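Following: one structure in structure tokens, then a few remarks.
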Amino acid sequence: MVHVLARITAQPASADALREILVELVAQSRKEAGCLHYELFQQEGAAHIFQTVERWADGAAADAHMSTPHVAAAIAKAGALLGAPPEILRYAQIA
């Protein structure tokens, strides 16, 4: 099992538009084979910062997710709205 945490930062004025893109991305990602858990959070007091918490069956499922059409579409739509490059980290659960 692979856990993925992605921090996505919007330009402050673009937070609402980016949230719409990310909500749709979550809906599509949850339908993927190998997706066990996929949630989206918005930081309190900093509405332009988003965090996904994902759990994938294995590394192959996480890799496949990154090459889906809905991820490509989200990246294309979000590009100009971002305030920083997304930070995507993978973790293996140890306890």
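Each value in this text was obtained by applying a stated rule to the coordinates, not by laboratory testing. Please read these numbers as outputs of a predicted model, since none were measured by experiment. Counting neighbours? That spans all protein chains shown, and the Cβs are built from the backbone with ideal geometry, glycine included.
Only helices enter the 222 nm calculation for the chain: every DSSP H run of n ≥ 4 contributes -39,500 (n - 2.57), and dividing by all residues gives -10500 deg cm²/dmol, rounded to 500. Where a ≥ b ≥ c are the square roots of the eigenvalues of the C-alpha gyration tensor, would you call region 1-41 rounded, which needs a/c under 1.5, or, failing that, prolate if a/b is larger than b/c, or oblate? Oblate is the answer for region 1-41, as a/c is 1.5 or above yet b/c matches or exceeds a/b.
Label point of residue 7 set 7 angstrom out along Cα-Cβ; within region 28-51, amide nitrogens under 16 Å from it belong to 41-51.
In units of the compact-protein estimate 2.2 N^0.38 Å, region 2-91 shows a Cα radius of gyration of 1.02.
Among the GluC sites (Glu not before Pro) within region 1-77, which fall in a DSSP loop and have no more than 10 other Cβ atoms within 10 Å of their own Cβ? For GluC sites (Glu not before Pro) across region 1-77 that sit outside H, G, I, E and B with at most 10 neighbouring Cβ atoms in 10 Å, the list reads 44. When you restrict to C-alpha pairs under 8 Å that are six or more residues apart and normalise by the size of region 2-91, the relative contact order lands at 48 percent.
Among the trypsin sites (Lys or Arg not before Pro) within region 1-69, those in coil by DSSP and having at most 14 neighbouring Cβ atoms inside 10 Å are 30, 31. Model label sites at residue 80 and residue 36, defined 7 Å from Cα along the beta-carbon direction, differ in position by 4.0 nm.
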